[in-house]
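A.B. asks: Structure below; questions to follow.
FYI, it's all coordinate maths here, none of it is from the lab. Remember, it's a predicted structure, so these values are computed and weren't measured experimentally. Note: ideal-geometry Cβ built from the backbone for every residue, glycine included; neighbour counts use all protein chains shown.
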Amino acid sequence: MFLHANGLRMNVVTAGADDPVLFIHGFPLSNAMWSPVVRRLAARWLCVAPDLRGHGDSEASPAASIADYADDLAAILDQIAPGRPAVVVGLSMGGIIALEFFRKHRSKLRALGLIDTRANPESPEGVARREQMAQAALTAGSRALADVMIGSVLSPRADSAVRSGVYETMCRTSPIGVAAAARALATRPDSFPTLPLIDVPTLVVVGEEDAITPVETLRDIHEKIPNSRFEIIPGAGHVPPLETPERFGTIMESFLAELPSCP
Ligand code: MLT
């Protein structure tokens, strides 16, 4: 379905009913990366998987901050599940946005899933690299970025259909959306001070072969979040929901099943 959030036309997949689980995809992907887990969880949960602004079929804005993405998601939840706190699950850039969602929209949050993500602010070299990325997307198109990223985003043993699906999604992402997201990642806040303050049940997951946000990065996040749960998925790289959907789905299901009921 399409709905409006902060003046932009947003594409949102919903499936199932009852308690909401919001899925936030990574950069420069789309809500398609959550399809296997949404299919599985929709039997019990209201799954909400938006395309972030400038990704998939959602309208782009020439500039965006991590806070803008979080505000879009809060506006989407207000329309789809008003007054019902959501489990918010984000992968990579999605996890960075989920941490911002915790800071800005705590009352709408029931639990957190942080998947293959990071809490640190960008380094000076990283800021320069992301600006090059933004310029490359605007001048040469998103394929230029896809050609660079596809080599590191998945485990070498990833299924070839998964690999080509991820590559095509990256190529399809609007260059304006890619540039805005690269710049948002360059200026992302330092989330380390947030981690000890997290007071909702939190699941931290990483693919054992993640070359972008490795196991130690996620272990560190887990150790800083009180009472969080940590899972390492063998055979997965940076996108376990697509690479190892069975294992990822089982972990999600068991985390969700153990959540305290809503007040
Ligand atoms: C992502 O998957 O969202 C990206 O790898 C994030 C990043 O480049 O840091």
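A.B. asks: Looking only at residues that are buried (at least 18 other Cβ atoms within 10 Å of the Cβ) and not hydrophobic (A, V, I, L, M, F, W, C) in segment 229-239, which one is nearest to the ligand (Cβ to nearest atom)? Talk me through it step by step, then tell me what you get.
C.D. replies: Within segment 229-239, the first condition is being buried (at least 18 other Cβ atoms within 10 Å of the Cβ), and the residues that meet it are 231, 233, 236-239.
Now restrict to residues that are not hydrophobic (A, V, I, L, M, F, W, C): 231, 237-238.
Details: E231: 18, G237: 10, H238: 6 Å.
Checking each candidate, the answer is H238.
A.B. asks: Continuing with this model, one more query. For segment 127-135, indicate whether the set of residues that are of a type in the set (G, A, S) and within 13 Å of the ligand (Cβ to nearest atom) is non-empty. Can you show your working first?
C.D. replies: Filtering segment 127-135 down to residues of a type in the set (G, A, S) leaves 128, 134.
Still in the list and also within 13 Å of the ligand (Cβ to nearest atom): 134.
Checked segment 127-135: at least one residue is of a type in the set (G, A, S) and within 13 Å of the ligand (Cβ to nearest atom).
A.B. asks: Quick one: what pairs do we get from segment 78-100, first residue among the basic types (K, R), second away from the ligand (no atom under 12 Å from the Cβ), C-beta under 7 Å, 6+ apart or different chains?
C.D. replies: R84/D19; R84/P20
A.B. asks: Let me ask you something else. E216 is checked against (1) without any contact (Cβ under 8 Å) to a residue 40 or more places away in the chain; (2) of a type outside the set (G, A, S); (3) in contact with a helix residue (DSSP H, G or I) (Cβ under 6 Å, 6 or more places away or on another chain); (4) in a helix (DSSP H, G or I) and fails just one. What number does that condition carry?
C.D. replies: Every listed condition holds for E216 apart from (3).
A.B. asks: So is I176 away from the ligand (no atom under 13 Å from the Cβ), buried (at least 16 other Cβ atoms within 10 Å of the Cβ) and closer than 25 Å to L259 by Cβ or not? Before the answer, list the steps.
C.D. replies: Working: away from the ligand (no atom under 13 Å from the Cβ): yes; buried (at least 16 other Cβ atoms within 10 Å of the Cβ): yes; closer than 25 Å to L259 by Cβ: no.
In short, no.
A.B. asks: Kindly indicate whether any position in segment 256-263 is small (G, A, S) and crowded, with 18+ Cβ neighbours inside 10 Å.
C.D. replies: Here is the first cut: in segment 256-263, the residues small (G, A, S) are 257, 261.
Now restrict to residues that are crowded, with 18+ Cβ neighbours inside 10 Å: none.
Looking through segment 256-263, none of the residues is small (G, A, S) and crowded, with 18+ Cβ neighbours inside 10 Å.
A.B. asks: Continuing with the same structure: Going residue by residue through segment 69-90, is there one that turns out to be of a type in the set (S, T, Y) and more than 16 Å from the ligand (Cβ to nearest atom)? Give the steps one after another, and end with the answer.
C.D. replies: Here is the first cut: in segment 69-90, the residues of a type in the set (S, T, Y) are 69.
Now narrow it down to the ones that are more than 16 Å from the ligand (Cβ to nearest atom): none.
Checked against the condition, which is being of a type in the set (S, T, Y) and more than 16 Å from the ligand (Cβ to nearest atom), segment 69-90 yields no hits at all.
A.B. asks: Report yes if E246 is within 16 Å of the ligand (Cβ to nearest atom), surrounded by fewer than 19 Cβ atoms within 10 Å (Cβ to Cβ) and without any contact (Cβ under 8 Å) to a residue 12 or more places away in the chain, otherwise no.
C.D. replies: no
A.B. asks: Follow-up. Of the residues P28, P20, which is buried (at least 17 other Cβ atoms within 10 Å of the Cβ) and closer than 22 Å to I150 by Cα?
C.D. replies: Numbers: P20 fails: closer than 22 Å to I150 by Cα.
Of P28, P20, the one residue that is buried (at least 17 other Cβ atoms within 10 Å of the Cβ) and closer than 22 Å to I150 by Cα is P28.
A.B. asks: Report, ordered by the first and then the second residue, all pairs with beta carbons closer than 7 Å, sequence separation of six or more or different chains, a first member in segment 193-209 that is over 17 Å from F248 (Cα atoms), and a second member that is part of a strand (DSSP E or B).
C.D. replies: I198/L112; V200/L109; V200/R110; V200/A111; V200/L112; P201/A111
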